[in-house]
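Input: a single structure, listed below in structure tokens.
All of the numbers you see were taken from the coordinates with simple rules; none came from a lab. If you're wondering where the values come from, they're calculated on a predicted model, not measured in any experiment. A quick note on method: Cβ atoms are made from the backbone with ideal geometry, for glycine too, and the neighbour counts reach across all protein chains shown.
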Amino acid sequence: MSQTAHLTGKFQSIFHTTKTPRTFFAPGRINLIGEHTDYNGGHVFPASISYGTYALGSKRDDQKLRFYSLNFPETGVIECNLTELAFNEKDSWANYPKGMTLFMQESGCEILQGADILFYGNIPNGAGLSSSASIELATGVLLNGLFDLKKDRIKMIRLGQKVENHYIGVNSGIMDQFAIGMGKKDHAILLNCQTLEYKYAPIGLNDYVIMVIHTNKRRTLAGSKYNERRIQCEQALSDLQQKLSISSLGELTPAEFEIHKHLIRDEITQKRAKHAIYENARTLEALEKLQQGELHHFGKLMNESHRSLRDDYEVTGLELDTIVETAWEQDFVLGARMTGAGFGGCAIAIVKKDKVNEFKYTINAIYKEKIGYDATFYIASIGDGAKEILEEC
């Protein structure tokens, strides 16, 4: 039985209906390089992956919204009315689709009827592969399809970010929603987070694969030091603006930063700015190297990125460092780094295709000895962005 057929059966059983729902899918994302640059007006280089969130829905005749997640069956069906979409802590995970529905309405979309919506995600919870943005965009494309809203995709992406910032309360940038909304099979996206200019870059892996390694250490952005890092970068920018006419750290080159870094009074804040500026430069270089087919050089840039995230931005931690530093020691690994916000979550590595099993065994043996539990491994195939699934592939 296909995934869509299986989920359709679940939908009909849970919502006690014979209706056939429409099926939508929004991927998760990995960021190949360019970490913590998005909210600093720099560039990122993400790609949407084959893991993600399915959303199945059908319209109702009233104004009731009913949500159910196969990932959180203990919460049961969560109900609300189209006129009652304010954040409510007791609604748990359903606040993400509620927030997306509210902001779609506020942006002028006519959503006059309710809907029954079933969610199922195969992104590991807390992995840092952006399951929350995946739920937001899955909800967005579902509402767009069910109610024939013809919503512009970039505007929908911005609404997803607004849900994170103003509804959930996480001060994140736009990268996650953009990568998920605009993803393209076998391509990464170089995105200027300040202007939203973007270009696709084909990922030619040849004899290599991108491995995602989940630390299995749960991380929650809202409760982490993510917002603290953002505040530190804003302070660094404010210090630099005493002499420089810039609106973001992403406007500076590393050479310009070295000349003016003395303006940043606090040593820690200066390190945070250094990461953002040097990482932006690495990201632009990464695009160039991939376009030239220089995968080995791209791998070196990944390694430099992790060192900067470990030493200057300080968002890695023992679990991520153990995985990445062990990966660096394997001669069949071109590069490895943490991906996502850090504080747990996932690392990625470019691994020789015929060495995948050896990679898993070696990394996990050392990880388990040092950390005390297993890591989980996935091969990330790069797929399309959020869309309706019209037929099972």
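Peptides 309-315, 132-138, 211-217 ranked from most to least packed give 132-138, 211-217, 309-315, packing being the mean of other C-beta atoms within 10 angstrom over each peptide's residues.
The mean of 1/r over all pairs of different alpha-carbon atoms in segment 80-192, once inverted, gives a Kirkwood hydrodynamic radius of 14.5 Å. Each of 210, 237, 194 was placed along the dipole of segment 179-252 (beta-carbon charges, centred on the mean Cα), and the one lying farthest toward the positive end is 210. In the chain, a dipole from Cβ-located charges (positive for Lys and Arg, negative for Asp and Glu) runs towards its positive end, and of 182, 324, 122 it is 122 whose Cα lies farthest in that direction. For the chain, the orientation-averaged shadow of the C-alpha convex hull comes to 19.7 nm² (one quarter of the hull surface).
Within the chain, helices built from complete DSSP H runs that reach 18 Å or longer along their own axis (Cα positions) and carry a mean Kyte-Doolittle hydropathy of 0.0 or higher are 131-146. Farthest towards the positive end of the charge dipole of the chain, among the residues 87, 166, 32, is the Cα of 87, using unit charges on the Cβ of Lys, Arg, Asp and Glu. Treating segment 159-301 as a set of equal point scatterers at the Cα positions, no solvent, please give the Debye-formula log₁₀ I(q)/I(0) at q = 0.09 Å⁻¹. One equal scatterer on each Cα of segment 159-301 leads to -0.36. Rg and Dmax of segment 1-127, both derived from C-alpha coordinates alone, stand at 16.4, 49 Å. Our summary gives segment 168-269 a relative contact order of 21 percent, counting only alpha carbon pairs under 8 angstrom and 6 or more residues apart. In the chain, the DSSP-assigned H stretches of four residues or longer account for a calculated mean residue ellipticity at 222 nm of -12000 deg cm²/dmol, using -39500 (n - 2.57) per stretch and the full residue count as denominator. Computed about the Cα centre, the dipole magnitude for segment 249-333 is approximately 220 debye when only Lys and Arg (+1) and Asp and Glu (-1) carry charge, each at its Cβ. Ordering of 147-155, 172-180 by packing is 172-180, 147-155, highest average first (other Cβ atoms within 10 Å, averaged per residue). Its relative contact order, with pairs defined as Cα atoms under 8 Å and 6+ residues apart, puts segment 3-132 at 29 percent. Size check on segment 1-66: the Cα extents along the three principal axes, sorted descending, read 48, 33, 14 Å.
One Cα centroid belongs to segment 346-371, the other to segment 267-345; the line between them spans 17 Å. In segment 280-374, Cα pairs under 8 Å separated by at least six residues give a relative contact order of 23 percent. Packing order of peptides 191-200, 279-288, highest average first: 279-288, 191-200 (average count of other Cβ atoms within 10 Å over each peptide's residues).
Working note: Cα gyration tensor of segment 139-218, eigenvalues times five, square-rooted, sorted largest first, giving semi-axes of 25, 18, 14 Å. For segment 85-90, 3J(HN,Hα) computed residue by residue from phi via the Karplus equation (6.51, -1.76, 1.60; θ = phi - 60°) reads 9, 5, 4, 9, 4, 5 Hz, glycine and proline entered as x.
Overall, segment 297-338 carries a charge dipole of about 180 debye about its Cα centre when +1 sits on the Cβ of Lys and Arg and -1 on the Cβ of Asp and Glu, all other atoms neutral. Charge dipole (Cα centre; +1 on Lys/Arg Cβ, -1 on Asp/Glu Cβ; no other charges) of the chain amounts to roughly 400 debye.
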